[in-house]
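Data first, discussion second: the structure below is written as structure tokens.
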Amino acid sequence: MSEKIAIEVKDLHIRYKTVKAESIKKSLLSLKKSRLEEFEAVRGLSFSIKKGEIVGLIGKNGSGKSTTLRSIAGIFSADEGSIDIGDNTISLLAIGVGFNKELTGKDNIYLSGLLLGFTHEEIKAKYKEIVKFSELGKFVNAPVRTYSSGMYSKLAFSITAVLETDIILIDEVLSVGDINFKKKSLKKMKELINDSDRTVMIVSHSIETIRKLCTRVIWIHEGQMKMDGETEEVLAAYQEFMSDEVVDEKQAAKVKREENLLKMWDEQ
Amino acid sequence: MKKFIANVKRYKSYMIYSAKATLKGEVAGSRLNWLWWILDPFLFMLVYTFMAQIVFGKSEPYFPIFVFIGLNMFDFFNRTVTRCVRSVKRNKGVISKVYLPKYILVLTEMLVNGFKMCVAFALVVLMIPFYRVPITWHIFEVIPVFIVLLLFTFGASCIVLNFGVFLTDLANVITVLLKLVFYMSGVFYNIMKRVPEPYNTLLLYGNPMAGLIQCARNAVLNSSHPYYDLLGIWFLISVLLCIFGVRMIVKYENSYVKVI
């Protein structure tokens with residue numbers, strides 16, 4: 001494993017201004033009142049991740065995990081502080097990604113690829129593999145709006161999985177498509193994660209997932225660093241901390257689903 | 001500014017591919033496919049010719065070409081601005097997944113509509129010998145006119161794109177506003193002849209679309225110079241709008257995803 005640093009986050013602050021999209025009438029009427037309530041989701045987070053590390057990000061709901069991940073992906077830029085990913089290519093694997101629905105699957109593959117920082121030639125070389133992996137067949141040439149939700153997420157996963165970027169950010173372990181595709185995508189993810197050149201960050205609620213996959217864990221609490229270190233060490237502290245927290249049903253179900261998936265992972 | 005150019009370079013292939021794909025997607029579903037890019041302005045030209053010549057009985061020399069120039073230029077501006085209002089929302093899927101400087105969206109729209117405008121102007125080129133319009137070196141003077149048109153469209157679209165994110169009903173207002181600008185731009189009448197003094201000069205200089213259209217007609221049809229003072233003023237205003245628009249986008253684009 002090289003000692004090169006892949007992600008460097010320094011004193012990261014991210015604020016949400018609670019500006020909601022509103023009608024003109026409303027915004028004129030409320031012109032006088034200050035509508036800017038600020039909510040700071042991430043408050044001064046600093047860490048650096050070496051190339052090849054697999055880092056888990058834990059913390060309870062609303063602690064700023066996903067926000068951090070999205071800002072590393074460049075979707076939000078930092079209000080204060082900095083994020084440096086060098087010249088690595090980066091992609092965010094998340095459930096329910098977006099395409100331009102009027103365009104065909106093929107066009108969307110190229111557009112996503114170009115946005116992820118690949119050249120036209122590189123995408124062309126991998127194009128067949130993406131289509132094969134996504135199991136779309138001749139549907140790639142149909143507009144994305146005609147796709148079923150399964151096809152949609154399969155395509156999304158295939159693009160990011162096949163066009164292997166240097167850094168992969170995973171927001172909740174994916175469960176995509178039917179059982180066969182799930183197995184296939186897990187296998188692919190395992191490959192991706194185990195590649196020692198690839199830097200991976202995983203956000204998850206499931207302690208089991210993190211324990212199985214990560215070499216290092218960062219625990220975020222209310223937008224600040226609570227702990228950073230060896231997986232077991234951090235997880236033990238986290239479990240103790242969370243034992244008196246009330247876990248709501250929805251989240252429990254999510255964790256359950258993830259852990260079921262993990263069983264499948266082992267069966268591979 | 002440096003960053004802007006670097007980004008445009010970086011996303012160049014994305015913009016071109018995206019524009020191409022959009023154009024392809026638009027015609028894929030229709031039977032006459034790309035012919036619509038010519039047919040659409042052509043049919044509208046007939047509508048306005050009917051209105052002006054038959055209903056109002058007011059004509060201009062080379063009337064079809066006269067309308068065509070105005071219509072093509074206005075359509076370009078109109079379509080780009082209208083689409084930019086909702087651009088961020090429409091591309092929500094892409095934007096919430098990867099970073100993309102939002103003015104790239106504006107440039108992509110301009111590529112799409114610019115291409116359509118070029119196709120429509122090909123018809124103008126064909127019509128010029130047909131109507132025996134004298135061709136002079138003045139025709140090259142349309143180049144500065146189009147530069148100002150592009151800059152103005154880009155600046156206005158950037159600003160509209162930014163506000164379109166935060167104001168949900170901006171699209172309605174813009175539609176009405178653009179309709180007003182359309183009738184004030186003299187697309188199917190000659191502002192200088194039909195509007196009484198001093199309103200005509202006021203309209204010509206105050207409404208950039210009216211001014212630009214008139215300038216282009218001067219160069220192509222009347223074998224004379226465009227109004228260089230007008231072009232100069234709007235060039236400066238457009239550059240300022242562009243700088244302001246891009247700055248605004250850079251400043252607020254992080255919060256777009258949080259709002260939509």
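FYI, it's all coordinate maths here, none of it is from the lab. The structure displayed is predicted, hence computed values, not measured ones. Neighbour counts run over all protein chains shown; Cβ positions are idealised from the backbone, glycine included.
Aspartates and glutamates within cross-link reach of B:K89: Cα-Cα under 13 Å, excluding same-chain residues under 8 positions apart? In chain and number order, the partners are B:D169, B:E253. Among B:V145, B:V133, B:V187, determine the one that fluctuates most according to a GNM of chain B built with springs between C-alpha atoms less than 10 Å apart. Among B:V145, B:V133, B:V187, the largest GNM mean-square fluctuation belongs to B:V133. Using only the alpha-carbon atoms, how far is helix B:35-49 inclined from the longest principal axis of chain B? Give it as 0 to 90 degrees, nearest 10. Compared with the principal axis, the helix lies near 50 degrees.
Compactness of the protein assembly as shown, taken as the C-alpha radius of gyration over 2.2 N^0.38 Å, stands at 1.15.
Using a 10 Å cut-off on Cβ to Cβ distances, tally the other chain neighbours for every residue of B:94-106 and report the average as a whole number.
On the way: counts 8, 3, 9, 16, 12, 10, 3, 0, 0, 0, 1, 0, 0.
Partner-chain Cβ atoms within 10 Å, mean over residues of B:94-106: 5.
In straight Cα distance, which aspartates and glutamates are under 16 Å from A:K254, not counting same-chain residues fewer than 8 positions off? Within the straight-line cut-off, A:K254 pairs with A:D171, A:E172, A:E208.
So in the protein assembly as shown, what percent of DSSP beta bridges are antiparallel if you round to the nearest 5? Approximately 55 percent, going by the DSSP bridge assignments. Under 5 Å from the amide H of A:E40 lie the amide H atoms of A:Y16, each residue being 5 or more positions distant or on a separate chain, with H modelled from the backbone and absent for Pro and chain starts.
Residue-wise HN-Hα couplings along the range B:123-132, as the Karplus relation 6.51 cos²θ - 1.76 cosθ + 1.60 with θ = phi - 60° gives them from phi, are 5, 4, 4, 5, 6, 4, x, 4, 8, 6 Hz; Gly and Pro carry x. Taking every alpha-carbon pair in the range A:179-230 and binning the separations at 5 Å intervals from zero gives 4, 16, 22, 25, 16, 9, 6, 2 percent.
For the range A:127-197, the Kirkwood hydrodynamic radius comes to 12.7 Å, computed from all pairs of different C-alpha atoms.
So which of A:K128/B:K97; A:K26/B:K9; A:K182/B:K9 end up more than 28 Å apart, counting from Cα to Cα? Beyond 28 Å between Cα atoms: A:K26/B:K9; A:K182/B:K9.
Which ³J(HN,Hα) values in Hz, rounded to whole numbers, follow from the phi angles of the range A:157-169 under the Karplus curve 6.51 cos²θ - 1.76 cosθ + 1.60, where θ = phi - 60° and Gly and Pro get x? Rounded to whole hertz, the list is 5, 4, 4, 5, 6, 7, 7, 2, 8, 5, 10, 10, 10.
Over all pairs of different C-alpha atoms in the range B:1-122, the reciprocal of the mean inverse distance, the Kirkwood hydrodynamic radius, equals 16.4 Å. Ellipticity at 222 nm from helices only: DSSP H runs of n ≥ 4 in the protein assembly as shown, each -39500 (n - 2.57), divided by the residue count, give -18500 deg cm²/dmol. Annotation: lysines with alpha-carbon distance below 18 angstrom to A:K25 (same-chain offsets under eight excluded): A:K33. Report the residue, chosen from B:F121, B:F44, B:F74, that carries the largest GNM mean-square fluctuation when chain B is represented by alpha-carbon nodes joined by springs under 10 Å. Evaluated over chain B, the most mobile residue of the options is B:F44. According to the Kirkwood expression over distinct Cα-Cα pairs, how big is the hydrodynamic radius of the range A:98-239, in Å? With all distinct Cα pairs of the range A:98-239 included, I get 16.7 Å. Quick note on the range B:2-259: its Rg to Rh ratio, both from C-alpha atoms and Rh being the Kirkwood radius, is 0.98. Short-range pairs are left out: with C-alpha atoms under 8 Å and at least six residues apart, the relative contact order of the range B:2-259 is 27 percent. Among the listed pairs A:K51/A:K187; A:K101/A:K187; A:K10/A:K188; A:K106/B:K102; A:K10/A:K51; A:K132/A:K188, those whose Cα-Cα separation exceeds 20 Å are A:K51/A:K187; A:K101/A:K187; A:K10/A:K188; A:K106/B:K102. Close amide H pairs (under 5 Å, H built 1.01 Å from N) link A:E53 with A:V200, residues at least 5 positions away or on another chain. Treat the range B:133-257 as a sphere of radius equal to its Kirkwood radius over Cα pairs and apply Stokes-Einstein at 4 °C in a medium of 1.567 mPa s; give the translational diffusion coefficient in µm²/s, rounded to a whole number. Value of D from the Cα-based Kirkwood radius: 81 µm²/s.
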